[in-house]
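Undergrad: My questions all concern the structure below.
Each reported figure results from applying straightforward, stated rules to the coordinates on display, with no laboratory input. Keep in mind that what you see is a predicted model, and the values were worked out from it rather than measured. Positions of Cβ are generated from backbone atoms using ideal geometry, with glycine treated the same way; all protein chains shown enter the neighbour counts.
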Amino acid sequence: MENYITEFLKNQEPEEAKKKFIEKYQSYGFSFFPVDGNKRPLISWKEYQHRRPEPEEVLKWYFDFPDFNIGIATGFAGFYSLDFDNIEAYKNFPNEYKNTATTQTLRGFHLNFYSEAVFKSQIIKINGFDVEFKGLGSYVIEPYSVIQGIPYRPIIPIDKIAKLPNFIIDKLQETETHRPTLIKWKYQGKQACIKQILERDLKEGERELSLFALYNLLIRENSIDYSKQIILKKNNTLKKPLEEKELKHIFEEKPYSFGCSFIRSNLPYVKCAGCPYFTFDFSQVLLSNQYTETEKKVIYIFLVMGIKNISQISKMIGISRMQVYNCINSLRRKGLDLINYDNSK
């Protein structure tokens, strides 16, 4: 294998080389955290699966853990790694895909790749050998770390990182199951539409616009990097995910600060009732002769306050539960279905 270790790095003190390595990885948007000499994180590292550390955090790590080793979160910002602990497995890996960012490890090599798609960590079989694919929820130890007295060295630097080969993607997708309802989504934002987009198995014809809307909703209260990770993860749950060029178009579009009317007009499956951002024009109901005073109160509680508990509504208005049910049925006959209300109509 061609040795790309530069004379510059060879002549650096280990700590100086480690700092430059960290700066280089951060410039690519990757996330890291400190680990000890047995590969164990020195801090709670889960949050760094979704964001890069802040400069003040890194500075604190240098003070708290002067000799810390480097763990790189996989599955974040498109960074993935094939972990070859078995030298024979590495030798039998196709040579045409070895010219990528590579690290010599305690027992073998890490071949690092990037991809816009999101994949979980798993074991895949390559040419008869089991190889660990490091993806979402995992991490790898990278150069200038010293594990059990053995230094991890850069064989090919991160500048040479290659795209994840299609044959690896095919193997990963063979074992992926598309079950979006089983995913526990975590995000900042109270809009009901965010939750509904995330939990829906998006169909062809609604995928791109839905993910575009979701991305713009998320970046209001989340970092751009974290919002991208949510979109990539959601896309990967779809039976027919968007292609890389379509995702790139979503991310490169100028951010839009659109409101509820855009969502209702373009995503008819979204139900707005109960959302704290939902703006129901109650003035039209208030002035209408179509509804009784009790019906107007029920409409207000359901669609403006977002309360759907029948017992709670009956106490608020001072009528029986049966009267509330009768009121809901009466409104349905008048064309206003409170239970399945869709304000896009």
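Undergrad: Can you tell me the order of 205-213, 20-28, 318-326, 228-236 when each peptide is scored by its average per-residue count of other Cβ atoms within 10 angstrom, highest first?
TA: Top to bottom by mean Cβ count within 10 Å: 228-236, 205-213, 20-28, 318-326.
Undergrad: Taking a quarter of the surface of the Cα convex hull of the stretch 7-175, what do you get in nm²? Spell out each step's value before the answer.
TA: Details: hull surface 38.1 nm².
The orientation-averaged projected area of the Cα hull of the stretch 7-175 comes to 9.5 nm².
Undergrad: Give Lys163/Lys271; Lys19/Lys125; Lys240/Lys296; Lys240/Lys308; Lys46/Lys308; Lys125/Lys160 a once-over and call out the pairs whose C-alpha atoms are over 32 Å from each other.
TA: Violating the 32 Å limit, Cα to Cα: Lys163/Lys271; Lys19/Lys125; Lys240/Lys296; Lys240/Lys308; Lys46/Lys308.
Undergrad: How would Phe93, Phe30 line up from fewest to most surrounding beta-carbon atoms within 10 angstrom? Before the final figure, lay out each step's value.
TA: Details: Phe93 18, Phe30 22.
Starting with the residue having the fewest Cβ neighbours, the order is Phe93, Phe30.
Undergrad: Let me ask another. Based on the mean of other Cβ atoms within 10 Å per residue, sort peptides 100-107, 41-48, 291-298 so the most packed one is first.
TA: With the highest mean Cβ count within 10 Å placed first, the list reads 100-107, 291-298, 41-48.
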